Each structure stands twice: as C-alpha cells, then as structure tokens.
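A short write-up of the structure that comes next.
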Amino acid sequence: MAIESLVDSKFNASTKLVDKLIAQGAPLLASYWQFREEDGQWTLILVPPSADQKSVLLMKALDLLAQNPYRSVFALSDTRVDSHQIERAKVLGAYIRIDPYIGVRIDMTFTGGQFFESVIPVYFKPELMTHLSVAS
C-alpha cells in the first residue's frame, strides 16, 4: 500500500509556484495534486487553458522548477503539464462549492462524467468556479 501523504513543503511550494506562474502571465487554467494508485505518488497537474498553450505553460513551469526553492522540493516526476486535463479541470472547478477550497482534499467523487479520487486543489481560474460560495 502506497503512502498517500502529501508533504506540507511540496504543497506550500506548489501554491508559490502557481502564484509565480500567474504573476508571470503563464496560461494556467487550473492546478491540483492528484494521487494515482498505479504510480503510488502524488503529481502536481498544471492545466493550460488550451492545447495550443501547453508549450508556453510547460516552458514557464520548467524555467521556475529549475530554480530554488522549487528545484530542492520537487522531483522531476512530481509535476506534469497536461492539456488532456482541461475538461476534468472544468468539471472539478464546477464541483467545488465552498471557499477556501485550496488544500481541501476531494476523495471518491463522480461528477460531470468524471471520476476523481484523491485530488487536492491548488488553483482554479475564477471562471471555472461556477458554483462557489464564500464560507462564513
């Protein structure tokens, strides 16, 4: 059985990475950690808004990941830029109902024709959050 813990330092670094990508104008639709049982590890998924923008996001992410503090926190297999996740990101964004949602683990959910198991949101573009209400 694989250990499913996401180290706090990786999660914190991922939120800073996403903030930096957004500040640099990187085309980022969503970002979330996903645990895949078959790989036995958590992977940070960076989702571009379109397949055409994948290479731009990939280059900006790689540039940052090669620098400290990210270089010392992430292994090469920890992060993936994936344009095939666009529809999943849209469905997951619409599923989220409460803010703050960052860091709140979502387990075993089937919504919008997609199955999610062990996902931890890091960032979703505001227009994806169609059902979000602010928690009081």
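The values are calculated or read from the model by the stated rules, or taken from the named source; none is laboratory data. As the structure is a computational prediction, the values presented were derived from the model and not from experiment. Areas reflect the complete protein model, heavy atoms only, side chains present, ligands, DNA and RNA absent. Shrake-Rupley method; radii C 1.70, N 1.55, O 1.52, S 1.80 Å.
Computed over the chain, the P(r) curve from all C-alpha pair distances, binned at 10 Å from the origin, holds 12, 45, 36, 7 percent per bin. Accessible surface for region 48-136, divided over its residues, is 58 Å² per residue with a 1.4 Å probe. Sorted largest first by accessible area at a 1.4 angstrom probe radius, with every protein chain in place, the residues Phe116, Phe110 fall in the order Phe110, Phe116. Structural size metrics of region 33-98, computed from C-alpha coordinates, are Rg and Dmax of 13.1, 35 Å. What the Cα convex hull of region 66-136 gives, in volume per residue, is 126 Å³. Our helix-only sum for the chain, with -39,500 (n - 2.57) per DSSP H run of n ≥ 4 divided by its residues, gives a mean residue ellipticity at 222 nm of -9000 deg cm²/dmol. In a fully extended conformation the segment linking Asp107 and Asp19 would gain 29.2 nm over its present Cα-Cα distance, using 0.36 nm per residue.
Measuring nothing but how far apart in sequence close Cα pairs (under 8 Å, 6+ apart) lie, relative to its length, the chain scores a relative contact order of 27 percent. The relative contact order of region 37-105, computed from alpha carbon pairs under 8 Å that lie at least 6 residues apart in sequence, is 44 percent. Bridge orientation summary for the chain: considering DSSP beta bridges with both residues in this region, about 75 percent are antiparallel. Here the gap between Asp52 and Asp99, fully extended at 0.36 nm per residue and compared with their Cα-Cα distance, gives a gain of 13.9 nm.
For Ser83, the accessible area of its heavy atoms, probed at 1.4 Å with every protein chain present, is near 20 square angstrom.
Only protein heavy atoms count here; on that basis, with a 1.4 Å probe, Leu92 has an accessible area of about 0 Å².
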